[in-house]
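The values are calculated or read from the model by the stated rules, or taken from the named source; none is laboratory data. The structure displayed is predicted, hence computed values, not measured ones. The protein model used for the area step is the full one, side chains on, heavy atoms only, and it has no ligands, DNA or RNA in it. Shrake-Rupley method; radii C 1.70, N 1.55, O 1.52, S 1.80 Å.
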Amino acid sequence: MKKNVLPDYRQRQDDAAAAKRAMLGKFRSAPGPDDPAVAERRRAREAILAERAARVAQREAAKRAHEAELAEQARRAAELAAQAEREAAEARAREEAERAEREAALLAEQKAARDERYRARKAAKKQRRKGY
């Protein structure tokens with residue numbers, strides 16, 4: 001005859017109670033917080049956490065140093081750009097002054113030539129009147 005495959009209610013209760021007892025026994029047999037192995041694992045975890053914190057602090061310090069270096073480079077670049085702009089402005093001012101000076105010299109030369117032509121014309125007119 002075939003054995004009943006489905007356990008009855010009593011069998012299921014007994015199996016559940018046995019499982020609970022096994023879990024409770026496993027929990028009770030676990031080492032307590034004052035066990036040397038547990039303390040050693042705790043110290044190892046704390047050491048790992050301390051090393052991790054040191055690495056994080058080191059990375060942060062390196063990051064701050066890098067940012068400070070970038071800020072210094074940006075300051076130097078801005079200073080060089082400002083100096084280049086000043087030099088360019090001075091060169092433009094010099095060029096403008098030279099151009100203005102050349103224009104003034106050209107105007108003076110043109111005026112002198114015009115005045116000379118005017119004097120020559122007046123002298124020629126005066127000479128024609130005298131009949132020489």
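Can you find even one residue in region 77-100 that is open to solvent by less than 60 Å² (accessible area, probe 1.4 Å) and not in a helix (DSSP H, G or I)? No, every residue in region 77-100 fails to be open to solvent by less than 60 Å² (accessible area, probe 1.4 Å) and not in a helix (DSSP H, G or I). Inside region 22-41, residues that are open to solvent by 90 Å² or more (accessible area, probe 1.4 Å) and modelled with pLDDT of 85 or more make up a count of 5.
Based on what the data block shows, is Glu69 open to solvent by 100 Å² or more (accessible area, probe 1.4 Å), assigned to a helix (DSSP H, G or I) and not small (Gly, Ala, Ser)? Yes; evaluated as a whole, the condition is true for this residue.
Would it be correct to say that Leu106 is at pLDDT 95 or above, open to solvent by 100 Å² or more (accessible area, probe 1.4 Å) and hydrophobic (A, V, I, L, M, F, W, C)? No, not satisfied.
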